[in-house]
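The values are calculated or read from the model by the stated rules, or taken from the named source; none is laboratory data. A quick note: this is a predicted structure, and the numbers were derived from the prediction, not measured. All Cβ positions, glycine included, derive from the backbone under ideal geometry; neighbour counts span all protein chains shown. Areas reflect the complete protein model, heavy atoms only, side chains present, ligands, DNA and RNA absent. Shrake-Rupley method; radii C 1.70, N 1.55, O 1.52, S 1.80 Å.
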Amino acid sequence: MIRKDLFGGVYDGRRVLVTGHTGFKGSWLVLWLLGLGAKVAGFSAYLPSEPCNYDVLKLNNKIHNFEGDIRDYAALTGALTTFRPDMVFHLAAQPIVRLSHEDPLLTFSTNVQGTANVLQCIKNCESVRAAVVVTSDKCYLNKEWYWGYRENDTLGGDDPYSASKACAEIVFKSYCASFFQGPDAPRLATARAGNVIGGGDWARDRIIPDCVRAWSQGREAVMRNPNATRPWQHVLEPLSGYLQLGARLLSLGIASGEAFNFGPDARANHSVGELISEFMAHWGVCLMRHEGSEIRESSLLKLSCDKALQKLKWHAALNFKETVGLTAVWYKSYYEGKEDMFELSMRQIERYIVAAANKTIRWAVGGR
């Protein structure tokens, strides 16, 4: 049982809208919010994969569902007018780098115009008191240096996905400066994280989903860039940061318009090859081949999370082995078909909370 006094108890009974709730991160966030006692609604256009974590967790009958495209301003307005949320978490996006090359207009319209639509709806909805707008670590102009990017570093992007996220941050900043500065205005912040893994992700062109799809069918998996290094983190890590950030916005502890990075300890930086080797230690040895990619991908990207530590008392709780272990256990349980995945996922959240409490993260005991 997840304690409802976590995050100062601010989510217990709170009306919370999650855009992109059928996605990987969104479905885990909905699950955690339900455990915290929130009344949850979701806004999404479709199920993003087959299988889909939202379906696997059987969340459809546990929340209010609004079907609509984030680019459809009228549909989004209708959802906020009907549900009247206190809090909004905006996660809806086109999140795949490769797809951004195939369809850049879809990527820019979803990630930029979609974000503007959400902000305009919040501006016009009197019930909203706070919102967390999730962008990406790829919003930074990546110079592939060895130290972490800070929230005031230069935004930019050499590919459509990264550029769209930098644009979304600029749109957000303009809305906050223009419309969300008065004492009675909603408080908003952006959250930047990336390279999350965890059970329930079946998106295309992501290394763990690609592997489990292939291996569950006895096929060979493809590794495009085994030497690329990423700050791997479990999906519950940034979600705990989003929830902590939202709680501080609701309790008036954070000024509107700020940005926060959420990433793992620097020691969690590992190559794709190391990630697969560690995953195989739980899953078993499977077929793998290396195949080059025609799309250039950054080889190094790190975040500095000092601001989250200082202002939110947040830091990552899991090491690399724990992160991969939780992920592998979830997928093995799903494909073995012996577990209720809703209950198993709730237990993984509870396990994460305990791990965080043991590492003195203050939100884990309801502190502010």
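Side notes on the structure shown:
- Test for Thr107: is it open to solvent by 20 Å² or more (accessible area, probe 1.4 Å), of a type in the set (Val, Ile, Thr) and out of contact with any Leu (no Cβ under 6 Å at 6 or more places or on another chain): no
- Among the residues of the stretch 232-256, just one is closer than 23 Å to Ala166 by Cβ and part of a strand (DSSP E or B), namely Gln233.
- Among the residues making up the stretch 56-71, a single one is in contact with a Lys or Arg (Cβ under 9 Å, 6 or more places away or on another chain) and surrounded by 17 or more Cβ atoms within 10 Å (Cβ to Cβ): Ile63.
- Subset of the stretch 141-164 [in contact with a Gly (Cβ under 7 Å, 6 or more places away or on another chain) and within 15 Å of Ala259 (Cβ to Cβ)]: Leu141
- Exclusive hit being closer than 26 Å to Ala45 by Cα, in contact with a strand residue (DSSP E or B) (Cβ under 6 Å, 6 or more places away or on another chain) and open to solvent by 10 Å² or more (accessible area, probe 1.4 Å), set Val112, Val134, Val171, Val118: Val134
So that you can scan it fast, the table gives a plain yes or no per residue for (1) among the aliphatic types (A, V, I, L, M); (2) in contact (Cβ under 8 Å) with a residue 24 or more places away in the chain:
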| position | (1), (2) |
| --- | --- |
| Leu119 | yes, yes |
| Cys125 | no, yes |
| Val132 | yes, yes |
| Thr135 | no, yes |
| Trp147 | no, yes |
| Asn152 | no, no |
| Lys165 | no, yes |
| Ala168 | yes, yes |
| Phe172 | no, yes |
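- Applying the criterion of at least 3 residues that are aliphatic (A, V, I, L, M) and either modelled with pLDDT under 95 or within 28 Å of Trp330 (Cα to Cα) (or both) to the strands (runs of 3 or more DSSP E) found wholly in the stretch 1-104 leaves 15-19.
- Residue among Ala79, Ala92, Ala177 that is within 24 Å of Leu33 (Cβ to Cβ), small (Gly, Ala, Ser) and open to solvent by 10 Å² or more (accessible area, probe 1.4 Å): Ala92
- Being at pLDDT 95 or above, surrounded by 18 or more Cβ atoms within 10 Å (Cβ to Cβ) and touching a Pro at 6+ places or on another chain (Cβ under 6 Å) is a description that applies to Val128.
- Cys121 being among the hydrophobic types (A, V, I, L, M, F, W, C) and farther than 30 Å from Arg14 by Cα: no
- Scan of the stretch 180-205 for residues that are within 24 Å of Lys302 (Cα to Cα) and open to solvent by 50 Å² or more (accessible area, probe 1.4 Å), ordered by number: Arg204
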